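Visitor: This is the structure, below, for whatever I ask next.
Read-outs: derived from the displayed coordinates by stated rules, not from any lab. Note that the coordinates shown come from a computational prediction; the quantities given were computed from them, not determined experimentally. When we count neighbours, we look across all protein chains shown, and the Cβ atoms used for this are built from the backbone with ideal geometry, even at glycine.
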Amino acid sequence: MFLHVEDPTVISWDEFLKLGTPEEEAEVERRVAAAQLSDLSTLIYTSGYVAHTYAQHHHNTTLTHTHHTRTTGPPKAVMLSHKNVLWTVQAVSQVVPFVQGDRLVSFLPLAHVAEQVVTIYVPLLQDGSVYFSEGMEKLAENIREVEPTVLFAPPRYFTSSHLFRPKERERERERERERERERDERESEE
């Protein structure tokens, strides 16, 4: 399932692959073949930086740097090897049995390693599709549109969000409808 998006900045994976030249494809293949399990895959910074992610060429392998702001203290980085990332993906896949074609909606910061594992690495290995939310205010709409087969979030989100508490959400909708009826009645009396 691929949802068509009317946005010039969004392309499919197949369209993306067509942008490469044979020389670039050969270079990617060379780098993949040269990569060792012990090579650095990603750096996760837990404090001291503004959250963003970028890729860098390092010792003929590509790695990701992820900066996640939590405190104003000095930056602390965790070095994760390809072996560590692959082990984590396999461990997650044993707990949550992902299958080919699973659809995910990503709405958490990619600066968090767990979101990277579930949103980037697992779908790559399991041939899944990832849809990025247009923001928290549109998350419910995005979930209805995509109909994800997997949804990843910390437990606190599921217990505190109206999105995942339908009875409370329905009660809130009913209260809003009641307020609208009362407003309409007051206006009609005037």
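Visitor: Would you please put 77-90, 117-130 in order of how densely packed they are, using the mean number of other Cβ atoms within 10 angstrom per residue and starting with the highest? Don't skip to the answer; put the middle values down first.
Guide: Numbers: 77-90: 15.6, 117-130: 18.0.
Peptide ranking by packing, descending: 117-130, 77-90.
Visitor: Continuing with this model, one more query. If packing is taken as the average count of other Cβ atoms within 10 Å, what order do 178-184, 101-107, 91-97, 151-157 fall into, highest mean first?
Guide: Details: 178-184: 10.0, 101-107: 18.7, 91-97: 11.6, 151-157: 13.3.
Put in order of decreasing packing, that is 101-107, 151-157, 91-97, 178-184.
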